[in-house]
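**Q** Attaching a single structure in structure tokens format; questions to follow.
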Amino acid sequence: DLNIHKTLARILDAKKAMFESGKGFDWATAEAMAFGSLLQDGFGVRLSGQDSGRGTFSQRHAVWVDQKDGHRYIPLSSLDRKFQVLDSPLSEFGVLGFEYGYASTAPNTLVLWEAQFGDFANGAQVMIDQFIAAGEAKWLRVNGLVMLLPHGYEGQGPEHSSARLERFLQLCAEDNMQVCNITTPANYFHALRRQLHRNFRKPLIIMAPKSLLRHKSAVSTVDQFTGDSHFQRILSDPNAPADKDVKRVVLCSGKLFYDLAEARDAAGDKHTTIIRIEQIYPFPAEALVKRIARMADLETVVWAQEEPKNNGAWFFVEPLIEDVLKEAGAKPARASYAGRAASAATATGLMRKHVEQQKALVAAALGHKE
């Protein structure tokens, strides 16, 4: 009896095709499955943010609105009334503080706060510094709050590109929180579910995607959600050369992987493999050592990132990668850097310059000529 928007009808048809084929599951569908399965497991789910019902990028559609009389329908509420999705005011400090308190008192509810763009978490920096990063060390108060911070360089300018990954990493110590930059819908699904299925609670900071919400390659198959599947802290390259042929390893996180893989494949490069660090903290050193150790003829290791050199993960991961290479017995002693030059602003405001910078950093990471 709901008069839904014609665009939503097309989206629902696409979702039906995903379930019928078992292929092509996108980010929003994986998220809905994580929420729904947690509800069926007996947990609660609470999501708030400035455009959470629809999703800032019109991807979520957790709330459906009748186009004739305006009444709202929330599909996941049919599973359990413990699902809440709330469009909150433009007050990051107040809302994030409230959600942190809510998560403290409701450890069996998945509590998520989503920034409209990750940059806007700036307005809640006091909550992040004083409570989310330090609450367990100061007061022995555990907390499983999830922060979804849309992050990624797509030429949208300095106020809509960076969730300030570097700030969160600088606050990381003593296993106080988790910081992830995830590239597949299935891995996102598992990251959300493990928040509640673990027997402990830690804040989870996710550099959430923008363009990957609809990227043709950023999809998952049904078997990646079911059976023995689980969250993977590192992800190998599906089109990688055999380990014996690898000369160059490019380490990265987030959506940059897809740009690198596309350029590598277009160039016919048969000696470069790209490894995604899906969880940057706690750093997956043990898994990475095992992966690197299998490449006997490895000559070069590169850390590639979209952010300027003084931002992003580079300063955090550089010594950790050096330790990994030493333990793996690799020929390269250190990783080199490929990315934007140091900058006072997080991103350029000119699309033309953004495109030039992106092409240059991809070429540098792969060792190709522009």
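**Q** Nearest 10 degrees is fine. How inclined is helix 6-21 to the longest principal axis of the chain, computing both from alpha carbons?
**A** Once rounded, the angle reads 60 degrees.
**Q** To continue, here is another question. Show that you can apply the helix-only estimate: for the chain, add -39,500 (n - 2.57) for every DSSP H stretch of four or more residues, divide by all residues, and state [θ] at 222 nm to the nearest 500. If you can, show how the numbers build up before the last one.
**A** Details: 10 runs with 119 residues, N = 370.
Taking each H run of at least 4 residues, the total per residue is -10000 deg cm²/dmol.
**Q** So, one more: Working from the pairwise distances between different alpha carbons, so that the mean of 1/r is found and then inverted, what is the chain's Kirkwood radius in Å?
**A** On the way: mean 1/r = 0.0467 Å⁻¹.
After inverting the pairwise mean of 1/r, the radius is 21.4 Å.
**Q** Moving on. Among DSSP beta bridges whose residues both lie in segment 34-188, state the antiparallel percentage, nearest 5. Each step should come with its number before you reach the end.
**A** Working: 2 of 16 bridges.
Beta bridges within segment 34-188, antiparallel portion: roughly 10 percent.
**Q** Excluding residues fewer than 8 places away in the same chain, name every one of the lysines whose C-alpha is closer than 22 Å to that of Lys309.
**A** Lys210, Lys255, Lys353, Lys359, Lys369
**Q** Build a GNM of the chain with springs between Cα atoms under 10 Å: which of Asp69, Asp175, Asp26 gets the top mean-square fluctuation?
**A** Top of the fluctuation ranking is Asp69.
**Q** Next question. Skipping prolines and chain starts, which residues have an amide H placed within reach, meaning under 5 Å, of the one on Gly44, given they are 5 or more residues away or on another chain?
**A** Thr109, Leu110
**Q** As I understand it, the value is the acute angle between the Cα axis of helix 185-197 and the longest principal axis of the Cα atoms of the chain; what does it come to in degrees, rounded to 10?
**A** 60
**Q** What's the angle, to the nearest 10 degrees (0 to 90), between helix 314-328's Cα axis and the longest principal axis of the chain?
**A** The two axes meet at around 60 degrees.
**Q** Further question on the same structure: For segment 288-303, what does the Karplus curve 6.51 cos²θ - 1.76 cosθ + 1.60, with θ = phi - 60°, yield as ³J(HN,Hα) per residue in whole Hz, taken in order and with x for Gly and Pro?
**A** Going residue by residue, I get 6, 4, 4, 5, 5, 4, 7, 9, 5, 9, 4, 10, 9, 10, 10, 9 Hz, with x marking Gly and Pro.
**Q** Sticking with this one: Do you know the relative contact order of segment 13-144, to the nearest whole percent, from alpha carbon pairs under 8 angstrom that are 6+ apart? Display every interim value, and only then the final one.
**A** Numbers: 161 pairs, mean separation 31.8, N = 132.
Once divided by the residue count of segment 13-144, the mean separation gives 24 percent.
**Q** Using alpha carbons only, how many angstrom separate the centre of segment 145-160 from the centre of segment 280-350?
**A** Value for the Cα centre distance between the two parts: 21 Å.
**Q** Over all directions, what mean area does the Cα convex hull of segment 1-73 project, stated in square nanometres?
**A** Values: hull surface 23.4 nm².
Averaged projected hull area, Cα only: 5.8 nm².
**Q** Points 7 angstrom from Cα along the Cβ direction at Leu86 and Ala363: gap in nanometres?
**A** 5.0
**Q** As a test question: what accessible area, to the nearest 10 Å², does Lys270 have when a 1.4 Å probe is rolled over all protein chains in place?
**A** Rounded to the nearest 10, that gives 140 Å².
**Q** If you don't mind, another one. Using a basic spin-label model with each label point 7 Å from the Cα along Cα→Cβ, how many nm lie between Asp269 and His230?
**A** 3.2
**Q** Ignoring any ligand, DNA or RNA, what whole percent of the accessible area of segment 1-128 comes from carbon and sulfur when the probe is 1.4 angstrom?
**A** Values: 3310 of 6020 Å².
Taking all protein chains in place, segment 1-128 shows 55 percent carbon and sulfur surface.
**Q** Tell me the Kirkwood hydrodynamic radius of segment 103-204 in angstroms, computed as one over the mean inverse distance between distinct C-alpha pairs.
**A** Details: mean 1/r = 0.0696 Å⁻¹.
Hydrodynamic radius (Kirkwood, Cα only) of segment 103-204 equals 14.4 Å.
**Q** What accessible surface, in Å², does a 1.4 Å probe find on Thr56, ignoring ligands, DNA and RNA and rounding to the nearest 10?
**A** That residue has around 30 Å² of solvent-accessible surface.
**Q** So, one more: Residue by residue through segment 200-212, which ³J(HN,Hα) values in whole Hz follow from phi under the Karplus form 6.51 cos²θ - 1.76 cosθ + 1.60 (θ = phi - 60°), with glycine and proline marked x?
**A** Result, ordered by residue: 9, 10, 9, x, 10, 9, 10, 6, 6, x, 10, 5, 5 Hz.
**Q** Roughly how many Å² of Leu350 are accessible to a 1.4 Å probe, to the nearest 10?
**A** 100
**Q** Which FRET efficiency, nearest 0.05, do Arg334 and Lys216 yield, Cβ-Cβ r, R0 30 Å?
**A** After rounding to 0.05, the efficiency reads 0.25.
**Q** Take every DSSP beta bridge whose two residues both sit in the chain, then give the antiparallel share in percent to the nearest 5.
**A** Working: 7 of 42 bridges.
Of those bridges, close to 15 percent are antiparallel.
**Q** I'd like the antiparallel share, as a percent to the nearest 5, of DSSP beta bridges with both residues in segment 16-111. Before the final figure, lay out each step's value.
**A** Details: 2 of 10 bridges.
Once the DSSP bridges in segment 16-111 are tallied, antiparallel ones form about 20 percent.
**Q** Compute the accessible area per residue over segment 1-137, keeping the other protein chains in place, probe 1.4 Å, unit Å². Spell out each step's value before the answer.
**A** Values: 6430 Å² over 137 residues.
Per residue, segment 1-137 has 47 Å² of solvent-accessible surface.
**Q** Now, a different point. Apply the a/c threshold of 1.5 to the C-alpha gyration tensor of segment 1-40 and tell me whether it is rounded, prolate or oblate. Walk me through the intermediate numbers first.
**A** On the way: a/c = 2.20, a/b = 1.31, b/c = 1.68.
Cα axes put segment 1-40 in the oblate bin.
The values are calculated or read from the model by the stated rules, or taken from the named source; none is laboratory data. Since we're looking at a predicted model, the values are computed, not measured. Neighbour counts run over all protein chains shown; Cβ positions are idealised from the backbone, glycine included. Calculation scope for accessible area: heavy atoms of the full protein, side chains included, ligands and nucleic acids excluded. Shrake-Rupley method; radii C 1.70, N 1.55, O 1.52, S 1.80 Å.
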